[in-house]
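The values are calculated or read from the model by the stated rules, or taken from the named source; none is laboratory data. If you're wondering where the values come from, they're calculated on a predicted model, not measured in any experiment. With ideal geometry, Cβ positions are generated from the backbone for all residues, glycine too; neighbour counts draw on all protein chains shown.
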Amino acid sequence: MNLFILKYLCRTKKEDEKMKKIVFMFLALYLMNTVNGQNFQVHYDFGKNRNYVTTTFEMFKPDNWGNSFIFVDFDYTMDKAKHPGMAYMEIARCFSFGKSPFSFQVEYNGGLMAIPAETGYSAFAINNAYLSGLDYGWHSADFTKFLNLKVLYKYIAGKNPASFQLTGVWNLDFFNRKLLMNGFADFWREDNLNFTKSNGENLSEPTETRFVFMSEPQIWYNLTPQLSLGSEIELTSNFGSVDGFKVCPTIGIKWTFQ
């Protein structure tokens, strides 16, 4: 019989606890290597009256205190040269409660957008938003499936000083990590004045809405551990001055830094 196996079968209780700690350490390191990283995405949006490119940089990094997440979007919509017409970022930090699946999250959202005007373009700020609240995290035993649920207080500067946001984030790996399905869904309280229909036509009269929904499910096929091809579908309701439900699909390519 293999000497290591014999030692394992004859281990003491103290050695058993030590073995469990070693196994846990290896699992934790595996998780860190699996989900820790950055990626850069290029999407072509062929939704109604869109037809432009969006680039996204994402970073997720866990540590002993919790985890950090940041992403930056640029929409290339300005002029025939397609200069960046929108810049938007989110940065979130979760502080873990020990070994509990719960953590405390703080988050900032904000950006800038340019729109056509009579003399060229006018720019306006995307209202700063500050969020804080509770995050619950779950993962499968092999770390190929993740789910985060968040209940957050939301302060939207200049609009809603007391609001809320409910968020779900998922990550699902299949076929030995060849197929990836991930994304998020947000539902929040925000007073909006909508001017257009989902098909781009102007409304005869603006509508007032108080709740917003947005989800961006993605699907990727990993050609290599770094290079992926896929798609994202933006699903929104009462978002961006558009009344009602709107669907905007994309095709994309992603490079994951390792």
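Overview of values
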| item | result |
| --- | --- |
| Output for the range 208-225, where each listed residue is modelled with pLDDT of 95 or more, more than 16 Å from the chain's Cα centre (by Cα) and not in a strand (DSSP E or B) | 223, 224 |
| For residue 192: the one exception among (1) buried (at least 16 other Cβ atoms within 10 Å of the Cβ); (2) of a type outside the set (D, E, K, R); (3) over 20 Å from residue 86 (Cβ atoms) | (3) |
| Lone qualifier among 234, 190, 205 - being at pLDDT below 95 and either in a strand (DSSP E or B) or not basic (Lys, Arg) (or both) | 205 |
| Failed criterion for residue 216 (all others in (1) in contact with a strand residue (DSSP E or B) (Cβ under 7 Å, 6 or more places away or on another chain); (2) closer than 14 Å to residue 244 by Cβ hold) | (2) |
| Residue 120, sole failed condition from (1) over 21 Å from residue 38 (Cβ atoms); (2) modelled with pLDDT of 95 or more | (2) |
| The range 149-172, subset more than 19 Å from the chain's Cα centre (by Cα) and not aliphatic (A, V, I, L, M), residue farthest from residue 211 (Cα to Cα) | 158 |
| Selection from the range 118-140 of residues that are under 18 Å from residue 240 (Cα atoms) and free of Cβ contacts under 8 Å to residues at least 12 places away in the same chain | 122, 123 |
| Residue match in the range 241-255 (condition: within 30 Å of residue 102 (Cβ to Cβ), in contact (Cβ under 8 Å) with a residue 24 or more places away in the chain and surrounded by 13 or more Cβ atoms within 10 Å (Cβ to Cβ)) | no |
| Members of the range 193-202 that are without any contact (Cβ under 8 Å) to a residue 24 or more places away in the chain and in a strand (DSSP E or B) | 202 |
| Condition check for residue 143: assigned by TED's automatic domain parsing to the domain that holds residue 222 and in contact (Cβ under 8 Å) with a residue 40 or more places away in the chain | yes |
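Per-residue answers, yes or no, for (1) in a loop (DSSP other than H, G, I, E, B); (2) without any contact (Cβ under 8 Å) to a residue 24 or more places away in the chain; (3) more than 30 Å from residue 147 (Cα to Cα):
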{"residue": "86", "(1), (2), (3)": "no, no, no"}
{"residue": "91", "(1), (2), (3)": "no, yes, no"}
{"residue": "98", "(1), (2), (3)": "yes, yes, no"}
{"residue": "103", "(1), (2), (3)": "no, no, no"}
{"residue": "107", "(1), (2), (3)": "no, no, no"}
{"residue": "113", "(1), (2), (3)": "no, no, yes"}
{"residue": "116", "(1), (2), (3)": "no, yes, yes"}
